[in-house]
Structures are given as structure tokens and as C-alpha cells.
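Asker: Sending over a structure as C-alpha cells; questions will come in a sec.
The values are calculated or read from the model by the stated rules, or taken from the named source; none is laboratory data. What you see is a predicted model, and the numbers here were worked out from it, not measured in a lab. All Cβ positions, glycine included, derive from the backbone under ideal geometry; neighbour counts span all protein chains shown.
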Amino acid sequence: MMETPDGEGDDFELRLISTYGYKQRKNVPNKFKVGEALVGQAALEQKPILVTQAPEDYVRISSGLGDGAPINLIVLPVLFEDQVLAVIELASFQRFANVQQAFLEQLSESIGVVLNTIQANMRTEELLSQSQGLTQELQSQSEELQAQQEELQQTNKELEEQAASLKASEELLQTQQEELQQSNEELEEKAQLLEEQNRRIEIKNREIELARAALEEKAEQLALSSSYKSEFLANMSHELRTPLNSLLILAKLLAENPDSNLTDKQIEFAETIYSAGSDLLGLINDILDLSKVEAGRMDVHVGDVKLSDLRDFVERS
């Protein structure tokens with residue numbers, strides 16, 4: 001399950017937005033304030049909370065064929081620069097190992113960077129939309145101002161013609177001059193308004209540049225976090241495969257029973273250890289391949305693959 005913040009200050013609360021394998025119950029709320037329940041407490045402390053022995057009726061993991069009670073629960077706050085962006089709650093049929101907990105904590109940091117990047121993108125789009133609106137408004141007012149200038153020029157021509165033909169009509173000329181002066185004042189007011197709008201556009205453009213710089217910085221942080229995660233996966237795979245290979249060799253030797261001094265049950269145990277170790281080694285190799293793909297260092301070999309082999313591989317995994 002994943003909760004995200006809703007509101008600010010005293011109205012700040014976490015709201016359930018998505019679940020996986022979870023069945024909603026009437027007596028379980030979907031909103032939590034900071035400090036309320038384990039979700040709110042994780043957001044308050046900004047630290048993961050692990051429940052190692054959950055009651056059988058605490059929560060159920062459901063599928064199309066049935067449901068079951070988990071053994072372990074972990075509540076992870078998603079942070080970015082000491083700000084809570086979301087809280088993730090996971091339930092498992094098995095206990096969370098230390099490696100899994102460390103991986104989930106690093107994953108929550110990456111999710112925090114991604115969520116903050118999405119918020120920055122949304123803010124940038126909003127500023128761009130405002131800038132476009134102001135630009136259109138400025139263009140419309142510029143056209144209106146140009147039309148008024150043309151109209152003013154036409155009025156001036158008419159005044160010149162009247163002055164040439166009606167020199168005696170001084171009163172009428174005075175009246176027209178006053179009208180012209182009023183038009184000039186309106187033109188000056190609109191010119192001032194246009195200048196003010198230009199200043200606003202410049203301010204918006206500076207805000208867009210700042211938002212763009214912040215977005216680039218967050219992208220660099222995301223790339224650095226991804227690099228740390230890939231390096232961690234590669235080191236973990238190497239440290240696990242060294243003792244696992246020794247385990248597989250010993251299990252294979254026991255299963256072959258060269259001295260014929262083991263019982264059938266012991267040979268079966270050795271074969272089970274070898275099979276489980278091989279599956280674990282394959283899983284470690286898959287994790288290492290994923291880290292290579294994410295880091296862009298995966299080699300691609302083009303070839304034909306049978307669908308039956310692919311299906312068997314998926315079932316084994």
C-alpha cells in the first residue's frame with residue numbers, strides 16, 4: 001500500500017492512493033494524520049518501522065485462489081530533503097532479511113527523488129502555461145494598441161484637412177484638440193500597462209529558469225542514487241556468490257557419494273541443497289543483470305529462443 005500527503009500544516013494527512021494484493025475492510029481507515037497509527041508514526045519519525053510478528057487477523061494478502069496472513073510488516077517513509085512525500089507499507093509471508101530492509105530503504109530514497117522530480121515538472125509546466133497566457137494577452141493588447149494608433153493617425157489627418165479648409169472654426173478645432181489630448185492620455189496609460197506586463201513576463205521567465213535549474217539538479221541526484229544502487233547490487237551479488245559456489249560444490253560432492261557411505265535420505269538432502277543453491281545463484285545472477293541493465297552496461301546477444309524454454313525459465317524463477 002502507498003499513502004501520499006494531502007494538505008499542509010495542521011491539515012496535513014496521509015491518504016491511501018494505491019494497493020497491491022490488499023482487500024479493503026470497512027473498519028480500516030484510508031486516511032492518517034501525522035503520528036496516527038504506524039503510517040502516521042513513520043511519517044512523524046521519518047524512519048522505517050518493522051513489525052516482526054503480525055496477528056493473524058491484522059491484515060490479509062489476497063489472490064484469486066485464496067488469502068493468507070503475513071508474518072512481517074514494514075512501513076517505509078519516502079523522504080526528500082527531510083520532507084515526507086509518501087509512506088509505503090509492505091506485508092510479507094516471510095521475514096524481511098537485513099539485505100532486503102537495506103534495499104527497501106535505498107529504494108524509498110530513489111522514489112523520493114522521483115516524486116520530487118515529478119512535482120518539479122508539474123510546477124514547470126504550470127509556469128510555462130502562465131507564461132503562454134501572459135504572452136497571448138500581451139499580443140492581443142499590442143494589436144489593440146496598434147489599431148488605436150492607426151485610428152489616431154487618421155484623426156490627425158482629418159484635423160489637418162479641417163484646419164486647412166476651416167481656419168475660422170477655432171472653437172471646433174479646440175474641441176478636437178482636447179479629444180486628441182484625451183486619446184493621448186489613454187494611449188500613455190495603456191503603454192504603462194504594457195510595460196508592467198512586460199516586467200511580469202520577465203519575472204515569470206526568471207522563475208522558469210530557476211525551476212529548470214532545480215530540475216536538472218534533481219536529475220543529477222537521481223542518476224547518482226541509481227549509480228549507488230547498481231554498485232550495491234553488484235557488490236552484494238559478488239559477496240553472496242563466493243560462499244554459495246563453495247556450498248554448491250560441497251553439496252554436489254555429497255550427492256554423488258563417491259565413498260558410498262551416505263544413506264538415500266542424506267543423498268536426497270544433498271541434492272535438495274544443491275538445487276536450492278542453484279536457484280539462489282540464478283536469482284543473484286538475475287539481480288546482477290538488472291543492475292547492469294539499469295546502469296546501461298548490459299550486452300545484448302540476438303538469437304532464437306524457444307517459447308517452451310522461456311516458460312520453463314519463468315516457472316523456475
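Asker: Which numbered condition trips up Leu107, out of (1) farther than 16 Å from Val87 by Cα; (2) touching a Leu at 6+ places or on another chain (Cβ under 9 Å)?
Answerer: For Leu107, the failing item is (1).
Asker: Sticking with this one: I'm trying to understand the selection: among the residues of segment 142-169, which are of a type in the set (A, V, I, L, M, F, W, C) and outside any helix (DSSP H, G or I)? It would help to see each step written out before you state the result.
Answerer: Here is the first cut: in segment 142-169, the ones of a type in the set (A, V, I, L, M, F, W, C) are 145, 147, 152, 159, 163-164, 166, 168.
Selection gives Leu166, Ala168.
Asker: Shifting gears a bit: Could you tell me which numbered condition Ala164 fails, if it satisfies all but one of (1) among the hydrophobic types (A, V, I, L, M, F, W, C); (2) surrounded by 13 or more Cβ atoms within 10 Å (Cβ to Cβ); (3) out of contact with any Leu (no Cβ under 8 Å at 6 or more places or on another chain)?
Answerer: (2)
Asker: Something else now. For Arg212, are the conditions met, namely being exposed (fewer than 11 other Cβ atoms within 10 Å of the Cβ) and in a helix (DSSP H, G or I)? Step through it out loud before you land on a result.
Answerer: Values: exposed (fewer than 11 other Cβ atoms within 10 Å of the Cβ): no; in a helix (DSSP H, G or I): yes.
For Arg212, the condition - exposed (fewer than 11 other Cβ atoms within 10 Å of the Cβ) and in a helix (DSSP H, G or I) - is not met.
Asker: With the condition kept exactly as written, say whether any residue in segment 229-250 is in a helix (DSSP H, G or I), among the basic types (Lys, Arg), outside the structural domain of Tyr274 (by TED's automatic domain parsing) and at pLDDT 85 or above.
Answerer: no
Let's see how each residue does on (1) of a type outside the set (A, V, I, L, M); (2) touching a residue at least 12 places away in the same chain (Cβ under 8 Å):
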{"residue": "Gln132", "(1), (2)": "yes, no"}
{"residue": "Gln139", "(1), (2)": "yes, no"}
{"residue": "Ala163", "(1), (2)": "no, no"}
{"residue": "Leu172", "(1), (2)": "no, no"}
{"residue": "Leu193", "(1), (2)": "no, yes"}
{"residue": "Glu196", "(1), (2)": "yes, no"}
{"residue": "Lys204", "(1), (2)": "yes, yes"}
{"residue": "Glu209", "(1), (2)": "yes, no"}
{"residue": "Leu215", "(1), (2)": "no, yes"}
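Asker: Moving to a separate point now. Name the one entry in Asp279, Asp286 that is in a helix (DSSP H, G or I), at pLDDT 80 or above and within 30 Å of Ser110 (Cα to Cα). Show your work before the answer.
Answerer: Working: Asp286 fails: at pLDDT 80 or above.
Within the list Asp279, Asp286, the selection yields Asp279.
Asker: When you look at Leu159, is it aliphatic (A, V, I, L, M), over 20 Å from the mean Cα position of the chain (by Cα) and modelled with pLDDT of 85 or more, yes or no? If you could, list the steps in order and put the result at the bottom.
Answerer: Working: aliphatic (A, V, I, L, M): yes; over 20 Å from the mean Cα position of the chain (by Cα): yes; modelled with pLDDT of 85 or more: yes.
Judged against the criteria, Leu159 is a match.
Asker: Out of Tyr20, Tyr58, which single residue is more than 22 Å from the chain's Cα centre (by Cα) and at pLDDT below 80? Working first, answer last.
Answerer: Working: Tyr20 fails: more than 22 Å from the chain's Cα centre (by Cα).
Tyr58 is the lone residue from the list that is more than 22 Å from the chain's Cα centre (by Cα) and at pLDDT below 80.
Asker: Which condition breaks for Ser237 when tested against (1) polar (S, T, N, Q); (2) in contact (Cβ under 8 Å) with a residue 40 or more places away in the chain; (3) farther than 25 Å from Tyr274 by Cβ?
Answerer: Here Ser237 clears every test but (3).
Asker: Next up: Run Leu50 past the list (1) modelled with pLDDT under 80; (2) assigned to a strand (DSSP E or B) and report the number of the one that doesn't hold.
Answerer: Result: Leu50 fails condition (1) only.
Asker: Quick one: would you say Leu194 is over 27 Å from Glu144 (Cβ atoms), out of contact with any strand residue (DSSP E or B) (no Cβ under 8 Å at 6 or more places or on another chain) and surrounded by 11 or more Cβ atoms within 10 Å (Cβ to Cβ)? Lay out the reasoning, then the answer.
Answerer: Numbers: over 27 Å from Glu144 (Cβ atoms): no; out of contact with any strand residue (DSSP E or B) (no Cβ under 8 Å at 6 or more places or on another chain): yes; surrounded by 11 or more Cβ atoms within 10 Å (Cβ to Cβ): yes.
Considered against the rule, which asks whether it is over 27 Å from Glu144 (Cβ atoms), out of contact with any strand residue (DSSP E or B) (no Cβ under 8 Å at 6 or more places or on another chain) and surrounded by 11 or more Cβ atoms within 10 Å (Cβ to Cβ), Leu194 comes out as no.
Asker: Taking the condition of being in a helix (DSSP H, G or I) and either among the aromatic types (Phe, Trp, Tyr) or touching a Lys or Arg at 6+ places or on another chain (Cβ under 6 Å) (or both), how many residues in segment 88-115 meet it?
Answerer: Going through segment 88-115, the residues in a helix (DSSP H, G or I) turn out to be 98-115.
Still in the running and either among the aromatic types (Phe, Trp, Tyr) or touching a Lys or Arg at 6+ places or on another chain (Cβ under 6 Å) (or both): 103, 106.
The number of residues fulfilling the criteria is 2.
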